[in-house]
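Below is one structure; the comments refer to it alone.
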Amino acid sequence: MVTAEHILEDLNAPQREAVTTIAGPLLILAGPGSGKTRVIAHRIAYLVDVIGVAPWRILSVTFTNKAAREMRSRVSAHLGEAAGDLMLGTFHSICARLLRTEADRIGLNRQFNIYDDADQMSLMKRACEYANVDTKRFKERAILGAISHAKSELVSPETYARQARDYFGEVVARAYDTYQQLLVENGALDFDDLIVRVVEMLQNHEGLREKYQERFLHVLVDEFQDTNIAQYQLARLFAGKHPNICVVGDPDQSIYSWRSADIRNILNFERDFPDAKTVLLEQNYRSTQNILDAAHAVIAGNKQRKEKSLWTSAGGGEPIVAYEAYDEAEEADFVANEIATLVEEERRPYGEFAVMYRTNAHSRALEEALIRTRVPYALVGGTRFYERREVKDVLAYMRLVQNPHDAVSFTRIVNVPGRGIGTKTLSELDRWAREREVPPYTALQLIAEQENAGAGRSGAGARPIGAKQTRTLIEFQEMIAELQNVAEKNNLSTLLDGVLERTGYRKYLYAEFDEAEADERWENIGELRNVASEYDGLSAGHGLVSFLEDVALISDADTVPDTDDPHSGRVTLITLHSAKGLEYPVVFMTAMEEGVLPHIRSFDDAMQMEEERRLCYVGMTRAKQRLYLIRAFKRYGMGSSSHNPPSRFLKDIPQQLIAQRSAVRSQHEAVERGPSRFREEFARRDERPPVPEELVYAGGERVRHPRFGEGIVVSSQMVKDDQEVTVAFKGEVGIKKLMLSFAPLEKL
DNA sequence: CGCCGTACGGTTTTT
DNA sequence: CCGTACGGCG
């Protein structure tokens with residue numbers, strides 16, 4: 001038996017307060033590295049062990065599945081097996097579980113499939129088609145964004161239509177209505193629906209509402225600053241009977257507003273629960289004072305924030321290293337070399353390092369450099385496993401087996417491997433089905449019956465498509481029916497094998513791709529089979545449901561290697577967003593440039609700019625001992641290269657915290673041992689003539705460029721120790737910005 | 001009618 | 001640079 005003293009030892013005063021304030025609403029504002037995960041775990045242990053709350057009556061919501069696993073293992077350190085009964089997970093996973101449990105009572109198809117981003121897009125295209133949306137004028141992505149946002153605020157299609165004030169709003173309203181109908185027809189829920197449907201369930205079914213409100217004595221929500229309106233509403237509903245709701249968050253770390261996370265939730269919490277107690281966790285146990293001061297200097301640049309102090313008893317620590325590389329290849333080289341040096345000089349395992357970047361595309365150069373230097377790494381995100389084509393294909397077959405009305409999965413694989421079913425056949429089938437107001441798969445069954453009865457081409461119900469295609473489609477439908485049969489009687493890997501065998505998927509891969517690529521793709525299928533075999537212990541139907549659900553709800557951050565595993569000897573490559581909640585002794589933040597961080601798309605919006613700043617703050621505060629802020633003088637992106645000035649956030653960091661590292665040393669190294677491409681680049685850089693200190697070109701001058709042809713100078717300006725000349729070239733080339741030191745311009 | 005080639009456009013972050 | 005859209009061919 002664990003005592004209260006044992007749970008509370010090693011906690012500071014506010015942490016203790018956060019653990020022991022158990023009755024009524026509680027708002028914990030926790031700065032980075034303030035031990036909030038630990039506090040939540042201890043709070044749960046305290047509730048169970050000291051107060052005597054049954055674990056299954058505690059609902060604890062985390063941001064990722066990984067965080068949920070971590071929480072469970074922390075709690076079980078105190079409680080042992082009892083931790084297994086906790087209701088623990090992300091909003092999405094908890095809602096999916098609840099919806100399956102209550103499906104029959106709320107008239108929901110228990111076999112519902114969960115649609116991810118790509119599935120939603122595919123459905124959206126159909127919705128736009130049916131709703132006659134001019135997709136040239138209004139992009140599907142924008143419409144989907146508006147719909148998703150509406151759902152996050154619990155706005156129904158009807159309400160949306162009523163509130164629509166402009167033409168775009170009317171278009172979205174039409175698409176929204178159609179899109180929701182299609183989801184129902186397909187027996188599918190998208191991510192937003194998972195939340196919305198549970199909120200509706202609790203609002204509309206008194207019995208179920210009472211059941212869950214009675215059950216949950218305590219509700220905890222972590223990363224509260226990143227919840228949306230619907231999620232907050234859901235948490236409130238769960239805590240409707242016992243208002244013991246504890247939310248934990250940090251407004252300075254709110255980085256998901258683009259996903260409809262709403263910072264107003266924190267303000268509303270204080271309004272909705274006027275008797276709420278607030279606890280501030282401000283002592284930082286993670287970073288050195290230098291890192292903390294630098295991070296604070298950055299976040300202090302935001303106007304929309306409440307000042308809070310951050311302090312640590314740890315000393316000043318190493319200075320923050322700032323470095324300007326020549327281009328992204330040299331930037332990556334610097335990171336790889338620096339890691340190698342620290343591994344050697346400070347005996348640090350690779351698992352202590354993380355390299356962070358704003359966009360996934362930036363991982364490429366880093367990977368190349370790490371491979372070259374033989375530094376082991378783990379890439380988080382990027383082209384995710386479950387997004388690979390072959391994996392999605394096989395999953396689509398399995399989803400179709402679970403729910404044949406899933407038209408998104410159907411369209412995906414009806415012609416994979418190629419069976420000679422093209423767009424024309426599919427649209428005819430679709431038209432035929434809609435005429436009769438039946439789902440496409442039912443239409444297929446009808447056609448099959450009709451053919452078997454010998455009706456053929458004549459008569460009132462004549463088949464909509466050619467004989468050959470009809471036969472192929474019937475064979476396809478029969479195959480799915482057979483696989484459903486397999487699924488009912490066998491475990492999951494048998495079903496997967498059945499899919500591979502009946503579709504001839506392996507043969508298809510080797511026919512479609514060259515051997516190396518086919519090998520790789522087939523290996524991915526093997527990996528998927530390994531995952532599937534973990535569900536073999538479950539009963540036939542249940543295995544498929546859980547597998548598909550887990551696959552749909554798995555996230556990037558769930559694949560982050562565990563840092564506490566001493567053998568996880570790998571450097572972590574990760575986006576700034578995915579790094580939230582993590583910490584590393586050594587952190588490299590790359591591409592600290594205007595246009596990247598802050599991202600160019602946030603330039604004209606003050607709110608978005610503040611979010612970029614918070615993102616920068618989140619990245620910096622991941623570092624425990626050493627922090628590197630790196631940028632490149634020149635960066636390649638989508639074909640062309642560009643020069644980005646240093647990020648504005650760098651300017652906010654006091655100079656005395658920073659050690660500037662010159663690029664010279666590394667440049668020479670690269671010239672000596674680097675591949676020829678780098679040698680050429682550096683040679684060219686060294687050769688370039690010194691840039692004159694006065695502007696060389698004035699507006700109106702005529703110039704010639706070897707590739708762009710003739711043009712007229714629009715303007716020119718000094719940029720650091722170089723000159724940027726804006727030239728309007730003739731013809732299709734248009735206006736270009738050129739750096740004088742690189743552009744071979746010629747006066748005419 | 002389906003398949004394969006070329007042109008073009010868009011381009012952050014992810015539960 | 002990558003995925004999609006469209007046009008010609010089999």
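The values are calculated or read from the model by the stated rules, or taken from the named source; none is laboratory data. What you are looking at is a predicted structure, and each value in this text was computed from that prediction instead of being measured. Every residue, glycine among them, receives a Cβ derived from its backbone with ideal geometry; neighbour counts consider all protein chains shown. Note: accessible area is taken over every heavy atom of the protein model, side chains too, but ligands, DNA and RNA are not part of it. Shrake-Rupley method; radii C 1.70, N 1.55, O 1.52, S 1.80 Å.
Amide H to amide H under 5 Å from A:Ala322: which residues, 5+ apart in sequence or cross-chain, H placed 1.01 Å off N in plane?
Result for A:Ala322 returns A:Leu629, A:Ala659, A:Gln660, A:Arg661.
Between A:His599 and A:Glu534, 0.36 nm times their residue separation minus their Cα-Cα distance comes to what?
19.3 nm
Suppose a student asked you for the relative contact order of the stretch A:344-413, using Cα pairs under 8 Å spaced at least 6 residues apart; what percent would you report?
Worked out over the stretch A:344-413, it gives 20 percent.
What's the percent breakdown of Cα-Cα distances in chain A across 20 Å bins, shortest bin first?
14, 42, 35, 9, 0
In chain A, what percent of the accessible surface is made up of carbon and sulfur (1.4 Å probe, ligands and nucleic acids excluded)?
49 percent
Extension gain A:Lys303-A:Glu9, at 0.36 nm per residue separation less the Cα-Cα distance, in nm?
Extending this stretch completely gives an extra 102.0 nm.
Would you mind getting the accessible area per residue of chain A, heavy atoms of the protein chains only, 1.4 Å probe, in Å²?
Accessible area per residue: 46 Å².
Charges on Cβ only, +1 for Lys and Arg, -1 for Asp and Glu, centred on the Cα centroid of chain A; of A:Ala540, A:Ala623, A:Val596, which one is farthest towards the dipole's positive end?
Farthest towards the positive end: A:Val596.
Between A:Glu344 and A:Lys651, how many nm apart are label points set 7 Å from Cα along the C-beta direction?
Spacing of the two 7 Å Cα→Cβ label points: 3.9 nm.
Tell me which residues come under 5 Å, amide H to amide H, from A:Ala632 once H is placed; ignore anything under 5 positions away on its chain.
A:Ala325, A:Ala591, A:Met592
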